[in-house]
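Asker: One structure is given below, represented as structure tokens, and several questions about it will come after.
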Amino acid sequence: MTDKASASPPRRPRPSVLTMTPRAAERVRAIMASKGPDVAGLKIGVKKGGCAGMEYTMDWTDSIGTFDEVVEQDGARVIVDPQAVLYLLGTEMDYKTDKLSAQFVFNNPNQAGACGCGESVNLVPAKGAEALSE
């Protein structure tokens, strides 16, 4: 006989924190390869700063933390800082080049605004994010 009190309900699939366009995945993969085998991936987060309130952070890391979210695509690995998950949920990471620059660009549905210079953004936690904590 099964004890219904101890049976846990089926888990809902978790939404992807972040996706990469093929261009972004290709660029991350190429840089990872040039960094050598000790690099675990590109760690992305957010921090307070700039005139709009928050800035994206990107650093190469050699380890994956217990609570880090790992996004792997086409040989590229992005590691999302756990404190940034609610601000990055649903974000698409792209890599764009033009005549004067080449950079990663975040198409973030949680972005409420940005400063004029493009260095900082105003981010709000994702709607429905409380469902992630269940």
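Asker: Look through segment 23-41, keep the residues that are crowded, with 18+ Cβ neighbours inside 10 Å and either out of contact with any Ser or Thr (no Cβ under 8 Å at 6 or more places or on another chain) or of a type in the set (Val, Ile, Thr) (or both), and return whichever of them is nearest to residue 93 (Cα to Cα).
Answerer: Among them, the one singled out is 24.
Asker: Residue 113 is checked against (1) touching a residue at least 40 places away in the same chain (Cβ under 8 Å); (2) touching a Ser or Thr at 6+ places or on another chain (Cβ under 8 Å); (3) loosely packed, with under 13 Cβ neighbours inside 10 Å and fails just one. What number does that condition carry?
Answerer: (2)
Asker: Among the residues of segment 45-104, which ones are hydrophobic (A, V, I, L, M, F, W, C), in contact with a Lys or Arg (Cβ under 9 Å, 6 or more places away or on another chain), part of a strand (DSSP E or B) and farther than 15 Å from residue 23 by Cβ?
Answerer: Those that are hydrophobic (A, V, I, L, M, F, W, C), in contact with a Lys or Arg (Cβ under 9 Å, 6 or more places away or on another chain), part of a strand (DSSP E or B) and farther than 15 Å from residue 23 by Cβ: 54, 58, 60, 70, 71, 79, 80.
Asker: Do you know which residues across segment 66-90 are polar (S, T, N, Q) and closer than 12 Å to residue 45 by Cβ? Before you say what the answer is, go through the steps one by one.
Answerer: So in segment 66-90, the residues polar (S, T, N, Q) come out as 66, 73, 83.
Correct list: 83 only.
Asker: Right, here's the next one. Within segment 42-59, track down each residue that is at pLDDT below 90, in contact with a strand residue (DSSP E or B) (Cβ under 7 Å, 6 or more places away or on another chain) and crowded, with 16+ Cβ neighbours inside 10 Å.
Answerer: Once the filter is applied, which keeps residues that are at pLDDT below 90, in contact with a strand residue (DSSP E or B) (Cβ under 7 Å, 6 or more places away or on another chain) and crowded, with 16+ Cβ neighbours inside 10 Å, segment 42-59 yields 46, 52, 53, 54, 55, 56.
Asker: Residue check: is residue 90 modelled with pLDDT under 90, on the phi > 0 side of the Ramachandran plot and not acidic (Asp, Glu)? Don't jump to the end; show me each part of the working.
Answerer: Values: modelled with pLDDT under 90: yes; on the phi > 0 side of the Ramachandran plot: yes; not acidic (Asp, Glu): yes.
Considered against the rule, which asks whether it is modelled with pLDDT under 90, on the phi > 0 side of the Ramachandran plot and not acidic (Asp, Glu), residue 90 comes out as yes.
Asker: One residue is enough: does segment 20-41 have a residue meeting the conditions part of a loop (DSSP other than H, G, I, E, B), under 18 Å from residue 108 (Cα atoms) and modelled with pLDDT of 70 or more?
Answerer: Of the residues in segment 20-41, the ones part of a loop (DSSP other than H, G, I, E, B) are 21, 36-40.
Cutting the leftovers down to under 18 Å from residue 108 (Cα atoms) gives us 21.
So of that shortlist, the ones also modelled with pLDDT of 70 or more come out as 21.
Within segment 20-41 (the criterion being part of a loop (DSSP other than H, G, I, E, B), under 18 Å from residue 108 (Cα atoms) and modelled with pLDDT of 70 or more), the answer is yes, since at least one residue qualifies.
The values are calculated or read from the model by the stated rules, or taken from the named source; none is laboratory data. None of the values given here were measured: they were computed from a predicted structure. Cβ: placed from backbone, ideal geometry, glycine included. Neighbour counts: every protein chain shown.
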